[in-house]
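Shown next, in structure tokens, is the structure this report addresses.
The values are calculated or read from the model by the stated rules, or taken from the named source; none is laboratory data. Every value quoted in this text rests on a predicted model; they were computed, and no experiment measured them. Backbone-built Cβ (ideal geometry, glycine too); neighbour counts: all protein chains shown.
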Amino acid sequence: MAVDSSFMSELLVATIVCLGAGALGALLTNRSAKAARIVGCGGALLGSIFALGFGLAGLAGGSLRLYFPDLLPIGGAALGIDRLSAFFVVMIAVAAIPAALYGIGYTRAYEGNHSLGGMGFAFNTFIAAMILVPLAQNVLTFLALWEVMSLASYFLVITEHEREGTLGAGWVYFVMTHAGFAALLLGFLLLAQATGTAFFSDWHVVAVGVDPRSRDLVFVLLAVGFGSKAGVIPLHVWLPRAHPAAPSHVSALMSGVMIKLGVYGLVRVAFDWLGAGPIWWGGMILVAGAISGVLGVLYALVDTDLKRLLAYSSVENIGIIMLGLGAGMLFQNAQLPGFTGLALVAALYHTLNHAAFKSLLFMGAGAILHATHTRNMENLGGLIKTMPQTAILFLIGSLAIAALPPFNGFISEWLTFQSLLVSFHIAAHTINLLFTLAIAALALTSGLAAACFVRAFGISFLALPRSAAAGMAHEVEWTIRAAMAALALTCLAFGIAPSLILAPLETTVFDLIGTHADMKFDLSALAVNGDFGWLAPLWLALGLIGCLAIIPLALRLIGATNRRRSHESWGCGRALQTARFEYTATAFANPFKRVFALLYRSVKELDVEFHPESRYFVRTIEYCNEGRLIFEDALYRPLLRAIESVARQARTLQSGNVHSYLVYILIALVALLLLTV
Amino acid sequence: MEIAIEFLQLAIVMFASPLLVGLIRKAKARLQARRGAPVFQLYADIRKLLSKETVVSENTSWLFRFTPYLLATTMMLSALIVPVLSTRTTLGFMGNIIALIYLFLLGTFFLALVGLDAGSAFGGMGASREVAIAALAEPTVLIAIFGIALRAGTTSLDGMITRFAAEPLLMLNTGHLLAFFAFFIVALAENGRLPVDNPTTHLELTMIHEAMILEYSGRYLALVEWAAGMKLFLFLTLLSNLFFPWGVALDNTPVALVIALVALAIKLVVFVGAIALLETSVAKLRLFRVPELLAGSFTIALLAVVTAFFLR
Amino acid sequence: MLHDILKTPIVTESLKSDQPTAIETLAQQIDSRARQRFGRSLQIRQVDAGSCNGCELEIGALNNPYYDIERFGMHFVASPRHADCLLVTGPVTRNMADPLKRTYEATPGPKIVVAIGDCAYDCGVFAHGYGVVGPVSAILPVDAVVHGCPPEPRAILLGILAALDKTP
Amino acid sequence: MSAEILSKLVNLLSFVALGLTILLILRARLEGQVRAFALQSFVLAFLSVLIAIYTDSFQLFGVGVALVIVKVVVIPRVLNRAVAKIGISRVAAPYLGTAPALIVCVLLAIIAFYVMTPIASSNPLPTADAMPLAFAGVLIGFFIMVDRRRAVTQILGFLMLENGIFLLALLMTYGVPFIVEMGVFLDVLVAVLIMEVFVYHIKDNFDSIDVGELGKLKE
């Protein structure tokens, strides 16, 4: 069905108007915190809902071209939509609607001590920029929106600037995102210069003609730029710092959606703008994906800060997506378009799923933070009794991200596995081995992810509370729970009825690469490459429910007694049980620390203070097993030291005030642009 | 007809699995010069447990009471997917071998959570070790699957068995045998058998699987034990039918089914003997030697894939 | 390892032949009677309430190939949650009195308690010791007592059976 | 016996041989290592007899028999005697842990595949398929000599390397002439005897057979 573009533009205008109204309204009503809160998040909510409609219409085939020649220098501002952009708009909306709803309740905690007006302004701008980025049709529009998105998110990250570490985290984010920005700028300008046009739509045609060396250079530059936004290892360092620092509904958006725009860029580069490239492009992406997946989850596995754990697991999931993308590129190179489509569908599906369950988990972490004022898992525990509903929702998120049936993560990871497994059709030993290792990496990643979220959920929600704060936790207010419930339902729906997504996704990919993905699916089942692999999620779910219902009935029929007595946990008859007896998050992660010691290079310290009378009575035991971050130590420290020495020369410019740096960046940007004209 | 066979297979898994465990115990007892418990002991145990009171720790949540049912559920569902007797399974379309692996992982996930639920140190220890081993076993499983899938050209259980049944000289195929060994080691690890975990240990500090279910009693314990039995049965069935597909019914004629049943019984008995021999002759590995074992199995799986590529 | 595996069955053969007849006859009766109680399945948890470990040795002997308690469907378990029967040994010391109670609490009913050895019956030589609370019966309802210091394994078996017979 | 069955069998047996080489890394006890070597030599003998039957060449048969005598009976005897004489020697840790060593083995095997597959594919013999495996055996034997510290293990590494070369020759050209083979066997035997003597001397001088100790000879 075709949607006429006037309708589309109305939807888009409605979106922007709502978000703009939210932004300005929040600023105007800044005086009364409550009003600012509701106006800000309300505007965002309405805007995101319209955006959802807009995206869906786009997926349904609606097209749109907007061109404002004099809005921006060189080339003007050009917006347009195709299915791929529409898909990402939908993904953004799926996460943004609950995030806005969540924000209404969550930001109450900031009343009085933070400017909710500024926050609302930044929040709406952030969402608006994210929605517009995939629509950008030429270099300058894209870069401008990209920069707005980065700045808005930067200001949101440093909201809680009074906490120590927040500004530092913001600064790291700021530097990394602009390093990435510079790479993008260079890449775009090179390509624009080589092709003689700044319009994306033309590149698809002309870029193939560009000489290979500069194509390679452009690819590397753009890959680095988008990779740094996506948080691919080793460009991930900002992610575990910035995401925990931001307010939880913002972390949800940053981790669930913003980093996906890096994925969007990579898809565009690899399959639209530059077209098929040499083997090593795909190989590079595949290897980067494998490394990000394994290392990301390994870091998540040992972290005790709940939100940082989630941030690292975002790195892992980006890795999984990269595996799909890289596989797609390699298939494209091997002239197997059907498999290219399959791999792309898998990657994009996982992108959407991750947006759903990662936002859910971040909101859950936020709810915990809200209720207990701590993110440190060592002080949590027992929350399943004090906040039962949050617990169930967080559990659903954990199951989904651990890729367990019947939730959505399972489907996309299954698809990724299938697309890696069909690789044996390629007849080149090196590629085969590469894929074999990719499969091993993905398998290890998924196994470790399951372990990681057993730990995350088990330590924070089960057993006895490990601190007074956790003991006095209370269920959060309804808007927060409603937001999480919406996402949980999304996870379930995408998990049992994948065809909801696969149908539009398949056409999207068809538009992109011009061939149908080598898969068939109907409402209940999907099959890959003929009968190579098949899955019937709906039936699996029904089977689970069915058996779950049958077993208790059967037990009753055969007359099993149901006498139950509640008593203390069995601890070999020890006198009392306190939370001190429980396994800690650190202890839980210890086996992994030992097995992967090579990667953690953790430093262990144990100092025991004995009783003066006898060595058999211990006063205090302090155990510390800190994992070191290899990339920070090996890659960034030297880099920063170098930069520092440069900065010392430029001390005259250095005012220490972050905002003046922004001015410098802006000046530099404009200067660069003028140079190229 | 076909659906009837499906449920026949389910029934076999559900009701024969305790017998399988009993057989292993009996064989081990014999090798240890003991009479050993009668092979039907586990049925008696389960019947007794179902008639006993259950003691539930007051620290636990609904997860503790929910998980036993879920464990049994995942195993029953897997029993519908695995071709026990016939490759013409009506419900086989529910998932391929990868879906099966994830179903098992679902059970492990909840069991580990339960280990943490009661807040006792043992449970946490068991949970941590269980997930560690499960995670480290995962690559071997998938690589071994890759190794056989790329020769069979499919990842669907029925398809793979059909192809292998048609293949002559299967037992001379290096990649096939390597994949089998890798899978066998993983099966031992996943089911908490020696040399990874000692199913009969009484020492909490050496426990893995046992440590997580220390808190269970009465009907819950019965369900958990039964589910563990079904898991073992399914893994051994998978091993015997996937790698030694002789006698598996390719069509649903009664004769073929009877042959399949007999063949399955024989293969399982062989496996029982092998496991009993293994468990009487090897000692439990130190926990931190287990990764080395899994690394070894991973090596074998990798070699299986490499040979399959280079010698195809 | 290959070598061990090849060797193992031979060892077995040599041992399996000499199953003592006295035990056999006892085994016959036990077998028949054990059938009725607990559906021929009895999980045992052993609690050392302060014993000198003499009784433990004898109890341990129940597991060896000679007595092989498992053939009667009896089995020692690692957690009272799994148990139907507590074997308590030794005079109950002050430190073990509370854990003993907790163990009994932790055991799901129906359950039986068997006091093993003279110490468990009347504190034996440890009677009136400053660290001794009293016999097991002072702490728990005891279903059967096995005398002897230490009692021999077959006596323990008979004691367990006596306790089983008492249970309705 | 058809060529297909032969090549399958040869693949399988060569793989068993390779596996036994890798087993050398997993087994800690020297007796076990010696047994692994004996088993491998037996597999090779079986293989050569198999090929002898296929090509009905009497020489190859003789080679197989000689192989059994020298490498399955004599050399293991000698080595076991050495082991017994040394007694329970302090286990010297290898330079690489088990898991990394295994990974290295896989890498070596893959390299062998890369190097040998083209050569093998150009070779018309039905046995040629397994040549990469034999070559992998050579490489891994060498790796063991490098990685392990205990002299006896190193001898075994050397012997397995030699086995690999023998297998390679067998697969490429149905074995070298009988006389040459005999010569090689005798050389190996002598080499082993000499090394045994060396082991004793190391043992006497450093009361350990950790060749790392030889570093002390410098000063």
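Numbers for the structure displayed
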{"quantity": "Residue in the range A:439-448 that is more than 30 Å from B:Phe310 (Cα to Cα) and crowded, with 24+ Cβ neighbours inside 10 Å present", "calculated": "yes"}
{"quantity": "Members of the range B:31-47 found to be within 8 Å of chain C (Cβ to nearest Cβ) and farther than 15 Å from C:Glu70 by Cβ, listed by number", "calculated": "B:Arg47"}
{"quantity": "Only listed residue being under 25 Å from C:Thr103 (Cα atoms), out of contact with any His (no Cβ under 8 Å at 6 or more places or on another chain), at the interface with another protein chain (Cβ under 9 Å from one of its Cβ atoms) and part of a helix (DSSP H, G or I), chosen from B:Gly124, B:Gly119", "calculated": "B:Gly124"}
{"quantity": "Residue within the range A:424-435 that is closer than 20 Å to A:Gly341 by Cα and within 7 Å of chain B (Cβ to nearest Cβ) present", "calculated": "yes"}
{"quantity": "Complete set of residues in the range B:127-183 that are in a helix (DSSP H, G or I) and among the polar types (S, T, N, Q)", "calculated": "B:Ser128, B:Thr140, B:Thr162, B:Thr174"}
{"quantity": "Hits in the range A:642-677 (condition: modelled with pLDDT under 65 and either closer than 21 Å to A:Gly187 by Cβ or part of a helix (DSSP H, G or I) (or both))", "calculated": "A:Arg651, A:Thr652, A:Leu653, A:Val658, A:His659, A:Thr676, A:Val677"}
{"quantity": "Qualifying residue in the range C:122-140 (condition: within 14 Å of the chain's Cα centre (by Cα) and of a type in the set (S, T, N, Q))", "calculated": "no"}
{"quantity": "Those helices (runs of 4 or more DSSP H) lying entirely in the range A:194-272 with at least 3 residues under 16 Å from A:Phe181 (Cβ atoms)", "calculated": "A:212-230, A:259-267"}
{"quantity": "Residue list for the range A:525-559, filter: surrounded by fewer than 20 Cβ atoms within 10 Å (Cβ to Cβ) and assigned to a loop (DSSP other than H, G, I, E, B)", "calculated": "A:Ala525, A:Gly530, A:Asp531, A:Ile558, A:Gly559"}
{"quantity": "The range B:75-95: number of residues that are without any contact (Cβ under 8 Å) to a residue 60 or more places away in the chain and surrounded by 22 or more Cβ atoms within 10 Å (Cβ to Cβ)", "calculated": "3"}
{"quantity": "Members of the range A:444-458 that are closer than 11 Å to B:Leu116 by Cβ and at the interface with chain B (Cβ under 7 Å from one of its Cβ atoms)", "calculated": "A:Val454, A:Phe457, A:Gly458"}
{"quantity": "Residue list for the range C:90-120, restricted to those being more than 14 Å from every other protein chain (Cβ to nearest Cβ) and under 16 Å from C:Leu158 (Cα atoms)", "calculated": "C:Val113, C:Val114, C:Ala115, C:Ile116, C:Gly117, C:Asp118"}
{"quantity": "Criterion: basic (Lys, Arg), surrounded by fewer than 24 Cβ atoms within 10 Å (Cβ to Cβ) and under 30 Å from A:Pro212 (Cβ atoms) - qualifying residue of A:Arg308, A:Arg268", "calculated": "A:Arg268"}
{"quantity": "Tabulated pairs, the range B:200-215, first under 15 Å from A:Gly571 (Cβ atoms), second among the hydroxyl-bearing types (Ser, Thr, Tyr), C-beta under 6 angstrom, 6+ apart or interchain", "calculated": "B:Met207/B:Thr201; B:Leu214/C:Ser79; B:Glu215/B:Ser57"}
{"quantity": "Unmet requirement for B:Ala27, which otherwise passes all of (1) away from chain C (no Cβ under 14 Å); (2) among the hydrophobic types (A, V, I, L, M, F, W, C); (3) assigned to a helix (DSSP H, G or I)", "calculated": "(1)"}
{"quantity": "Residue ID - surrounded by the fewest Cβ atoms within 10 Å (Cβ to Cβ), chosen from residues in the range A:30-43 that are over 12 Å from A:Met119 (Cα atoms) and touching a helix residue (DSSP H, G or I) at 6+ places or on another chain (Cβ under 6 Å)", "calculated": "A:Ala35"}
{"quantity": "Test: residue in the range B:162-173 that is among the β-branched types (Val, Ile, Thr) and surrounded by 22 or more Cβ atoms within 10 Å (Cβ to Cβ)", "calculated": "no"}
{"quantity": "Candidate set: the range A:589-641, residues that are assigned to a strand (DSSP E or B) and in contact with a helix residue (DSSP H, G or I) (Cβ under 8 Å, 6 or more places away or on another chain); chosen: the one farthest from B:Leu293 (Cα to Cα)", "calculated": "A:Tyr623"}
{"quantity": "Pairs with Cβ under 7 Å, 6+ apart, first in the range B:107-130 and farther than 16 Å from A:Ala450 by Cβ, second in a helix (DSSP H, G or I) and of a type in the set (D, E, K, R)", "calculated": "B:Phe122/B:Glu204"}
{"quantity": "Residue match in the range B:249-269 (condition: on the phi > 0 side of the Ramachandran plot and more than 14 Å from every other protein chain (Cβ to nearest Cβ))", "calculated": "no"}
{"quantity": "Condition broken by A:Gln577, with the remaining ones in (1) surrounded by 13 or more Cβ atoms within 10 Å (Cβ to Cβ); (2) away from chain B (no Cβ under 14 Å) satisfied", "calculated": "(2)"}
{"quantity": "Residues within the range B:10-40 that are surrounded by 22 or more Cβ atoms within 10 Å (Cβ to Cβ) and among the polar types (S, T, N, Q), tallied", "calculated": "1"}
{"quantity": "Test: residue in the range A:280-297 that is in contact with a Phe, Trp or Tyr (Cβ under 6 Å, 6 or more places away or on another chain), crowded, with 24+ Cβ neighbours inside 10 Å, over 14 Å from A:Leu239 (Cβ atoms) and modelled with pLDDT under 95", "calculated": "no"}
{"quantity": "Top-ranked residue of the range D:7-23 - restricted to ones that are within 13 Å of the chain's Cα centre (by Cα) and small (Gly, Ala, Ser), ranked as farthest from D:Phe46 (Cα to Cα)", "calculated": "D:Gly19"}
{"quantity": "Residue within the range B:71-87 that is at pLDDT 90 or above, under 30 Å from A:Gly458 (Cβ atoms) and not in a helix (DSSP H, G or I) present", "calculated": "yes"}
{"quantity": "Among (1) more than 14 Å from chain B (Cβ to nearest Cβ); (2) under 17 Å from the mean Cα position of the chain (by Cα); (3) surrounded by 19 or more Cβ atoms within 10 Å (Cβ to Cβ) - the single one D:Phe46 does not satisfy", "calculated": "(3)"}
{"quantity": "Odd one out for C:Arg45 among (1) within 14 Å of chain A (Cβ to nearest Cβ); (2) at pLDDT below 85; (3) crowded, with 21+ Cβ neighbours inside 10 Å", "calculated": "(2)"}
{"quantity": "Exclusive hit being over 30 Å from B:Ser51 (Cβ atoms) and touching a strand residue (DSSP E or B) at 6+ places or on another chain (Cβ under 8 Å), set A:Ala527, A:Ala541", "calculated": "A:Ala527"}
{"quantity": "Looking only at the range A:489-524, and only at residues there that are among the hydroxyl-bearing types (Ser, Thr, Tyr) and not in a helix (DSSP H, G or I), the one that is farthest from the other protein chains (Cβ to nearest Cβ)", "calculated": "A:Thr515"}
{"quantity": "Identity of the residue in the range B:202-242, of a type in the set (S, T, N, Q) and under 26 Å from B:Phe298 (Cβ atoms), that ends up farthest from the other protein chains (Cβ to nearest Cβ)", "calculated": "B:Ser240"}
